[in-house]
Structure formats: structure tokens, C-alpha cells
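Below: one structure, written as C-alpha cells.
The values are calculated or read from the model by the stated rules, or taken from the named source; none is laboratory data. Keep in mind that this is a model prediction, so the values were computed, not measured. All Cβ positions, glycine included, derive from the backbone under ideal geometry; neighbour counts span all protein chains shown. Protein only, heavy atoms only, side chains kept; ligands, DNA and RNA dropped before computing areas. Shrake-Rupley method; radii C 1.70, N 1.55, O 1.52, S 1.80 Å.
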Amino acid sequence: MNVKDVNLLTENQEYIKRLRAWNEDCEKQTGKRRGVFVTTFGCQQNEADSEKLTGFAVSLGYVPVGSPEEADLLLVNTCAIREHAEQKALSTIGQYKHLKAKNPQMLLGVCGCMVTQEHRVNDIKFRYPYVDFVFGTSSLHRLPQVICDKLEKGKRVYCPEEKEYLVYEGIPIHRENSYRAWVSIMYGCNNFCSYCIVPYVRGRERSRPSDAIYHEVKALVEEGYRDITLLGQNVNSYGKDLEETCDFADLIARLSEIEGDYKLHFMTSHPKDATHKLIDVMTGNKHIANHFHLPLQSGSDGILHKMNRRYDTEKYLGIVSYMREKMPDVAITTDIIVGFPGETEEDFEATLSILERVKFDMIYSFIYSPRKGTPAAEMEDQIAPEVQKKRFERLLALQNGISLEKNLPFVGKTVRVLCDGVSKTNEEMYSGRTEEGKIVFFEGEECDKGNFVMINIKRAEAFALYGEKKK
Ligand code: 5AD
Ligand code: SF4
């Protein structure tokens, strides 16, 4: 088994002791605790890792602060999924140069997927000399050691990638939110879709033992968390590497027996592994959200084959029809990549026609971005950016109409919404999400934040519902 079931606080005891003493000294001298801030790019898995990094830093004597300007330990947790994500991270690291100039004592570290690639570590080495340390996804547990090395030896630290990616338990988690939580159930990916960098930067699939997950979720429900998302690159292969016999359907069935007022969500599923057994467990289960995110990527069998997705559109449509048969009002969302190498007009139209047929509630669409070291980046027939952009716009236009069509039937209905407080985009309204993941705007009260409220829907748009609180 791959699980290194050690308590990281115990394993790092020596470093933790030294850093706590160092931070306490600082507090005595300045009257102020050193602050930690993590800037996060990318997916929910990265958000979850950042909560672990902050928790780890708290155990070292740092206190979480609200902005990079206030930080004495500033970490940039990077993403590598598309070129744009890497450019954003690099530009943010560039902007932090002036913070380092203002506060030379500040430690600046870069971690995550981008710097699990050698060429990006070299970029940091040569183009960002003020970065103090770099560690990839396999060395997250080395944070205390990396800080100690930097402080004691004075040199920049480049943490080598571990030979083996393990599952570590025991890192304290500093959760950003008191009612929505992420719970990683597995790490890594074995699928090697030909466009995707994830298997190279997050290693092979490793599942956490089901008991550890059960206890974490139970504790969250007891603390009052309402919305818990189980995370993994391909949750449908959960448990395949464990000695215990527990697949994803078994796991979520067991978790949903926990008593309380909460919903379980999960992401992401791979269509090649999505089972009828999982859909059967979801059907009628009051604790599992009425939502399935099932990335299609392309509606052309030829392109799916070149993407190494290992399913065809017939298989995909089969899962959708079983789901709709068992859970008629389930919300289905998907990911689509536009402009994959060799995508012809006909291939693209096949994607549009699946969108029309399935009628997804929402899609997350991406323009294909070549990733160094992946097979697709070497394919000959790369698509011109203008063609990609035009197709992307056509895809969005079609889906906007479908999303609106899916949202209109909610008008006149009452839906249960988990309130997120005052909306960030419209400060006169409160916002929240239904269990299907739909955004709802309404007039609310401060005490609604973190609670379920019933909303009468008055109006629908493609990306949001608008309503009033039920009296
Ligand atoms: N280019 C564009 N989109 C990508 N994705 C993954 N790799 C790439 C890439 N190289 C998309 C897929 C995946 C989502 C998380 O990101 O659609 O499901
Ligand atoms: Fe990437 Fe495919 Fe793994 Fe998803 S399943 S993380 S797209 S390789």
C-alpha cells in the first residue's frame, strides 16, 4: 500500500520546535506574530492543498493574515493545467518582488503543480532570484524543513521531487470557510489523457483509507459544515489501490449514513469508470447532491481516441441516459476542450450536437493549450488560434441558450439554497448555490450566511437564478 500513515506533526517535530521558538522570539521583540498568506491558482485540489499549507504554517507559529501585504511567509500555490494559469502565477510572483523589497525578512515560497516541472523550476531559479524556496506537489509535507533550511543556511532551497508520491495524514487544515469544505479522498491520476499535465505533476493514483475520510467528514458535519466536496482527479477509481475493498460507490454510501443536515458533492468523475452502482447509490439519497460533473471533453469519437479518453460517445450517452432514468432532475455538467490537435469542423460540430442532445446544465469550456511533455503537444496538426477562438465562441453561444433553457423551469419554484452571504458581484444582493450548483441571488440577512434558505425563484438567466426568500 502506498499510504504512509504517519502523523506529519510528529514526523516534523524537530523542525516545528525550532520554528515555533523562532516565531515566539519574533513576537516578543515586535509584539506581533508573523503572518502567513497563501495565494492559490487552479483547481479545488489546489485550494485544499493551500488550506493544508496554511494549517501547517499555523502549527509552526504563524498566524493567517488576509492579504499578501501583511504576510511574513508568502506562498504561491501554482497550477499547470493551461499556459494561461502558469502565466498568471509567474506574473503574480513578479508582482511580489516589491513586497520582498519592502519587507526583506519576508519568506517567499513557490509550490504546486507548475514547479513540479523542471523547466519551471529553472524559470524561478534564473528569472525570480528573490524567491526563497520552491517545492513541488510531492513535497508539501516538507514545508517546515524547507523554511528551516532557508533560515539556517541562508541559501535558496529547491526541494527535489520525492521518488514516490505518498498519502500523508495528519497535516492540520486551516479551512477558509466554516460551512463549505473540501475533503481530498485521493491524489494523482493514472489516466494520461494525451493533453493533460496532471499525471506528470501529481503522480500516480493514491487513495486515502476510507476510515480516515469517514472520520474527517463526520467531524465536519458535527462542526456544522453543510456542503462537503470529495475531491480526486478521478474519484471513480477510488480504492483500486487500497488493500481494503471499498470503491467510490461504497465510500459515498458509507459517508451518507452520517447523520446531519449536509450534502455531499464530488469531483471529478471519469466516464470510463462511472458505474451504474454509483448512480444507484446516489438515487434518492438525501445526503448526496443531485448533481453529476462528467467531463466529456469532445463529442467526436476520433478526437476522444486521440485524447486517450478510453470511452466513446455511445458509452457516454449510455451513462447519461441511465442517470436521467434513475434521477430525472439531476443536474449534469461537463468539461469541453475546443481546438484539440486535428479537430476538424466536423469533429467540432459533433461536440455541438452532443451539447444539443444532452442539454448540460452548465459546461466548463477550455481552448486546448499544449503542455510540454504531453503527447498532444507533439501532435502535428495543431489548430490555429483564430479557429480555436471562433469555435470557442460558437460553443459558448450554443450553451448559453441551453443553460437558459435549463434554468427557466425553475421560475415559480421554491429551491433550497446554501447562502454565501453578500454577493461579491452585486453587493445589494445575497447569493448562494442550490445543491445542483446553480447560483441564486436574493435579498437576505446576515444570519443566512452558512445556512440553507428556501427561495422562491422569480427570474432565470443562463448563469443565475433570482428570487425572494420564502416567508
Ligand atoms: N488544455 C485545455 N484544457 C485542458 N484541460 C486539461 N488539460 C488541458 C489542456 N492542456 C481541461 C479538461 C479538464 C479540465 C480540468 O481542464 O477539460 O477536464
Ligand atoms: Fe487529466 Fe485525464 Fe487525469 Fe483528468 S483524467 S486529470 S484530464 S489525465
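Looking for whichever is part of a helix (DSSP H, G or I), on the phi < 0 side of the Ramachandran plot and crowded, with 20+ Cβ neighbours inside 10 Å here; the options are L151, L143. Which one fits?
L143
When only residues in the stretch 305-326 that are within 17 Å of N236 (Cβ to Cβ) and crowded, with 19+ Cβ neighbours inside 10 Å count, which is nearest to ligand 1 (Cβ to nearest atom)?
Going through the qualifying residues, I end up with R309.
As an exercise: evaluate G112 against (1) within 16 Å of ligand 2 (Cβ to nearest atom); (2) at pLDDT 95 or above; (3) out of contact with any helix residue (DSSP H, G or I) (no Cβ under 9 Å at 6 or more places or on another chain) and give the number of the one condition it does not meet.
All conditions are met except number (3).
Inside the stretch 192-211, can you point out the residues that are over 17 Å from D49 (Cα atoms) and away from ligand 2 (no atom under 16 Å from the Cβ)?
P209, S210, D211
If I ask for residues that are assigned to a helix (DSSP H, G or I), buried (at least 19 other Cβ atoms within 10 Å of the Cβ) and hydroxyl-bearing (S, T, Y), which ones from the stretch 163-212 would you list?
Once the filter is applied, which keeps residues that are assigned to a helix (DSSP H, G or I), buried (at least 19 other Cβ atoms within 10 Å of the Cβ) and hydroxyl-bearing (S, T, Y), the stretch 163-212 yields only S210.
From the list F360, F410, F366, F392, which residue is of a type in the set (F, W, Y), within 16 Å of ligand 1 (Cβ to nearest atom) and either closer than 30 Å to K471 by Cα or touching a residue at least 60 places away in the same chain (Cβ under 8 Å) (or both)?
Residue meeting the stated conditions: F366.
Of the residues G224, G239, only one is buried (at least 20 other Cβ atoms within 10 Å of the Cβ), at positive phi and not polar (S, T, N, Q); which?
Step by step, each of G224, G239 is checked, and only G239 is buried (at least 20 other Cβ atoms within 10 Å of the Cβ), at positive phi and not polar (S, T, N, Q).
I'd like to verify a number: residues in the stretch 26-46 that are at pLDDT below 95 and under 21 Å from D149 (Cβ atoms), how many?
Counting residues in the stretch 26-46 that are at pLDDT below 95 and under 21 Å from D149 (Cβ atoms) gives 1.
What is the number of the single condition among (1) more than 27 Å from F266 (Cα to Cα); (2) open to solvent by 50 Å² or more (accessible area, probe 1.4 Å); (3) without any contact (Cβ under 8 Å) to a residue 60 or more places away in the chain that C43 does not meet?
Result: C43 fails condition (1) only.
Could you list all residues from the stretch 267-290 that are open to solvent by 20 Å² or more (accessible area, probe 1.4 Å) and within 16 Å of ligand 1 (Cβ to nearest atom)?
Result: M267, T268, K272, D273.
Any chance you could count how many residues in the stretch 243-265 are touching a strand residue (DSSP E or B) at 6+ places or on another chain (Cβ under 7 Å) and either within 16 Å of ligand 2 (Cβ to nearest atom) or open to solvent by less than 20 Å² (accessible area, probe 1.4 Å) (or both)?
Qualifying residue count, the stretch 243-265: 5.
Please go through the stretch 399-420 and pick out each residue that is small (G, A, S) and in contact with an Asp or Glu (Cβ under 7 Å, 6 or more places away or on another chain).
S403
Please verify whether Q399 is touching a residue at least 24 places away in the same chain (Cβ under 8 Å), part of a helix (DSSP H, G or I) and more than 16 Å from ligand 2 (Cβ to nearest atom), treating the condition exactly as stated.
For Q399, the condition - touching a residue at least 24 places away in the same chain (Cβ under 8 Å), part of a helix (DSSP H, G or I) and more than 16 Å from ligand 2 (Cβ to nearest atom) - is met.
Scan V453, V417, V440 and give me the residue that is without any contact (Cβ under 8 Å) to a residue 40 or more places away in the chain, closer than 21 Å to Y364 by Cα and touching a strand residue (DSSP E or B) at 6+ places or on another chain (Cβ under 7 Å).
None of the others qualify; the one that does is V440.
Given the residues V183, V131, V157, V201, which is the only one that is closer than 30 Å to D420 by Cβ, touching a helix residue (DSSP H, G or I) at 6+ places or on another chain (Cβ under 7 Å) and of a type in the set (A, V, I, L, M, F, W, C)?
Checking each option against the conditions leaves just V183.
Which condition breaks for V134 when tested against (1) over 30 Å from G450 (Cα atoms); (2) β-branched (V, I, T); (3) outside any helix (DSSP H, G or I); (4) out of contact with any Cys (no Cβ under 8 Å at 6 or more places or on another chain)?
Of the numbered conditions (1) over 30 Å from G450 (Cα atoms); (2) β-branched (V, I, T); (3) outside any helix (DSSP H, G or I); (4) out of contact with any Cys (no Cβ under 8 Å at 6 or more places or on another chain), the odd one out for V134 is (4).
Quick check on my filter: what residues within the stretch 46-81 are open to solvent by less than 10 Å² (accessible area, probe 1.4 Å) and either part of a strand (DSSP E or B) or among the charged types (D, E, K, R) (or both)?
L73, L74, L75, V76, N77, T78 - these are the residues of the stretch 46-81 that are open to solvent by less than 10 Å² (accessible area, probe 1.4 Å) and either part of a strand (DSSP E or B) or among the charged types (D, E, K, R) (or both).
So is S138 open to solvent by less than 20 Å² (accessible area, probe 1.4 Å) and either among the hydroxyl-bearing types (S, T, Y) or in contact with a helix residue (DSSP H, G or I) (Cβ under 9 Å, 6 or more places away or on another chain) (or both) or not?
yes
What number of residues in the stretch 396-405 are open to solvent by less than 50 Å² (accessible area, probe 1.4 Å) and out of contact with any Leu (no Cβ under 7 Å at 6 or more places or on another chain)?
Residues that pass the stated criteria total 2.
Looking at this structure, is S369 open to solvent by 10 Å² or more (accessible area, probe 1.4 Å), in a strand (DSSP E or B) and modelled with pLDDT of 95 or more?
no
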